[in-house]
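> One structure, pasted below without further comment.
The values are calculated or read from the model by the stated rules, or taken from the named source; none is laboratory data. Since the structure is predicted, the reported quantities are computational estimates derived from the model, not experimental observations. Heads up, the Cβs are rebuilt from the backbone with ideal geometry, glycines too, and the neighbour counts pull from every protein chain shown. Quick note on the areas: whole protein, heavy atoms, side chains included, nothing else; ligands and nucleic acids left out. Shrake-Rupley method; radii C 1.70, N 1.55, O 1.52, S 1.80 Å.
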Amino acid sequence: MVSCNGGLNQMRAAICDMVTIARYLNVTLIVPELDKTSFWADPSEFQDIFDVNHFITSLRDEVRILKELPPRLKRRVEMGFVYSMPPISWSDISYYHNQILPLIQKYKVIHLNRTDARLANNGQSLDVQKLRCRVNFNALRFTPQIEELGKRVIKLLRQNGPFIVLHLRYEMDMLAFSGCTQGCNNDEVEELTRMRYAYPWWKEKIINSDLKRKDGLCPLTPEETALILRALDIDKNYQIYIAAGEIYGGDKRMASLAAAYPKLVRKETLLGPSDLGFFQNHSSQMAALDYLVSLESDIFIPTYDGNMAKVVQGHRRYLGFKQTILLDRRLLVDLIDQYNNGSLSWIQFSDAVKETHERRRGQPSKRLVIPDRPKEEDYFYANPEECLQQPDGQLSST
């Protein structure tokens, strides 16, 4: 049994890992439980977001997956006979063979209660890596209802020409968690700080926003994003679909972006209340809709490298290296500051931004491997190179 933690895309990657681990331990997996206690408090079950029958049947030749425990084992669990634990982060399959399998043999049922980043990015067999991809790209389909709504949004966008998806990570929870307050007034800084202290699982409390921003660790603000899109020569007539929750500061903070790109749209402006009513207070289902639209966009641009940015980037590579502009925030904030203080002309600024991102558009590349520092290396799901059809027609065989 596994309980996933985090938002939709963190859970998505975790499900792929847990299926793979169950397969290589030759044990039965119960359909994963989704996180209902995180910041988003989404009550959705697995089958509310994913097509559960497709998930089970499409993997039938690899791993046995059940919707619930058999009655005899269910009684054991209800009586408290279950061993619950978090596996060690970034572990190899060998850890699960040596440490977890004996526990399953002893207790019959084991409950893994944390699942984020519990399987190493690198050093796994090709079969392991390809199964992670098979789950991600084939077995995990959204429900027909979500898929249909996604198709409708994409059709509405396509009718009006090309569109870019901007994953503008500028919601209140992001800013409170990261401590990034660039462009916020004193009242907003206080509000965000109060929120950060209110959540005990957000460990970092005292944060220097300016230093963090200079290190490239803050999401770009809507104002900074508008400058960067213009510097990249993104046509102002392109539709820009905002894949995000509610932007902190609302229309006031979006004003410069809306002025530069008048064709700003969101799912709420494309669909009626009756379409979205079912999704209200179900942030993971809303995120699933944004995920589908992000996959189909002409260009995908995330302003922060969170889980959605990484998982969508990897999926777009799988779909034929569709263009994803990966912003170098550390360099960009320095260029923005130089432009704003008059040290750089617009042409110098724009040329520097374009030159920096020439090789950051989701082209085929090798994952950066940093032994013993997995958090700092490239994430498997952002570039699952073992599963990608290289442009010369050869499958990568790393």
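Yes/no matrix, rows are residues, columns are (1) assigned by the TED database to the domain that holds I49; (2) among the polar types (S, T, N, Q); (3) in a helix (DSSP H, G or I):
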site	(1), (2), (3)
Y241	no, no, no
R253	no, no, yes
A258	no, no, yes
S284	no, yes, yes
D290	no, no, yes
V311	no, no, yes
R317	no, no, yes
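> Sort out which residues of segment 157-173 are open to solvent by less than 10 Å² (accessible area, probe 1.4 Å) and either at pLDDT below 95 or not in a helix (DSSP H, G or I) (or both), and write them in order of number.
Taking segment 157-173 and keeping what is open to solvent by less than 10 Å² (accessible area, probe 1.4 Å), we get 157, 163-166, 168, 170.
Residues satisfying the conditions are F163, I164, V165, L166, L168, Y170.
> Separate question: If only one of D378, D334, D372 is assigned to a loop (DSSP other than H, G, I, E, B) and open to solvent by 80 Å² or more (accessible area, probe 1.4 Å), which one is it?
The unique qualifying residue is D372.
To keep it simple, each residue is scored yes or no on (1) hydrophobic (A, V, I, L, M, F, W, C); (2) within 11 Å of M1 (Cα to Cα); (3) at pLDDT 95 or above.
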residue	(1), (2), (3)
I21	yes, no, yes
T28	no, yes, yes
F39	yes, no, no
P43	no, no, no
L59	yes, no, yes
I65	yes, yes, yes
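> Another question, if that's okay. Out of all the residues in segment 204-220, is one or more among the β-branched types (V, I, T), in the same structural domain as H315 (by the TED database), out of contact with any strand residue (DSSP E or B) (no Cβ under 8 Å at 6 or more places or on another chain) and in a helix (DSSP H, G or I)?
So the first thing to find is which residues in segment 204-220 are among the β-branched types (V, I, T), and the list is 206-207.
The next check asks that each one be in the same structural domain as H315 (by the TED database); those that pass are 206-207.
Now restrict to residues that are out of contact with any strand residue (DSSP E or B) (no Cβ under 8 Å at 6 or more places or on another chain): 206-207.
With in a helix (DSSP H, G or I) added as a condition, the list becomes none.
No: zero hits.
Listed here are the residues, each with its yes/no results for (1) within 21 Å of F300 (Cβ to Cβ); (2) in the same structural domain as E223 (by the TED database); (3) basic (K, R).
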residue	(1), (2), (3)
R118	no, no, yes
C133	yes, no, no
P162	yes, yes, no
V165	yes, yes, no
R169	yes, yes, yes
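> Right, next: Name the residue that is nearest to V77 (Cα to Cα), counting only residues in segment 1-16 that are of a type in the set (A, V, I, L, M) and not in a helix (DSSP H, G or I).
Applying the filter and picking the extreme gives M1.
> Same structure again: Suppose we filter V19, V63 for residues that are crowded, with 19+ Cβ neighbours inside 10 Å, of a type in the set (A, V, I, L, M) and not in a helix (DSSP H, G or I); which single one remains?
Testing whether each residue is crowded, with 19+ Cβ neighbours inside 10 Å, of a type in the set (A, V, I, L, M) and not in a helix (DSSP H, G or I) leaves just V63.
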